[in-house]
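The structure appears below as structure tokens.
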Amino acid sequence: MKKKKKKKKKKKKKKKKKKKKKKKKKKKKKKKHQCTSLEVETNCTRTRNTKCKCKSNFYCNASVCEHCDPCISCEHGILERCTSTSNTKCKQESNHLLIFFNIPIIMSEQKLIDVDLRKYILHIAEEMSLDQVKTFVRKNGMSEVMIDEIKNDNLQHTAEQKIQLLQGWYQAHGRKDAYCTLIKGLRRMKCYALADRIQAIIQADIENATADTRNENE
């Protein structure tokens, strides 16, 4: 009788072990990767995860692509068309035009005043790509640890990453010369059109506010 009881106990233990192993195997199964801002290039199989690529008119030049940025449009003609891994390369204005426009750019940089950028952070983030924001904050004192921390806190939200990165840079820099640092920094990155757009947005808002104040006084 004792031997039979021992055999039954052993069988029960074996069954429990098998159940545990099955549960572990189920847990280890990988979740199917889903493409959000991208589109599916190769569907998921038993041995390979879903492979994604950028949609038409979007590109990603990172080694591990988490999101795609929109391709830029060219005002003066295209040198190289946008691909899934590289942005559009545009033709520059003729030398004659550059001679006339170089002086106003230098003058406009000298006349930049201190502006509280907090109310413009959202607009600035909308104008810039995530790569542009990362490059700017990195070149202007933000540590890689801080950049990674903001990225990890907002993995699925590219727009929020841009806002948090710009706010982090502005808080560390302070208001004094921040506007000037932003515009000059973008020009050093050769983002001339971007710098002009941001400058135009802020300048227009300042002029509107000044006009409203005059009307109230009158």
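Take each peptide in 39-52, 118-131, count the other Cβ atoms within 10 Å of every residue, and average; sorted highest first, the result is 118-131, 39-52. Close amide H contacts of residue 59 (hydrogens built in the peptide plane, cut-off under 5 Å, sequence separation of 5 or more or a different chain): 69, 71.
Other residues whose C-beta falls under 9 angstrom from the C-beta of residue 61 contribute a net charge of -2, scoring Lys and Arg +1 and Asp and Glu -1.
Among rounded, prolate and oblate, which fits region 156-197 when a ≥ b ≥ c are the square roots of the eigenvalues of its C-alpha gyration tensor, a/c under 1.5 means rounded, and a/b larger than b/c means prolate? The shape class here is oblate. Across region 137-152, coupling constants 3J(HN,Hα) worked out from phi with the 6.51/-1.76/1.60 Karplus curve, θ = phi - 60°, read 5, 5, 6, 10, x, 7, 6, 4, 4, 5, 4, 5, 5, 5, 4, 5 Hz, and Gly and Pro carry x.
No value in this document is a laboratory result; all are computed from the given coordinates. Since the model is a prediction, treat every value here as computed from it, not as a measurement. Cβ coordinates were reconstructed from backbone atoms using ideal geometry, including for glycine residues, and neighbour counts include every protein chain displayed.
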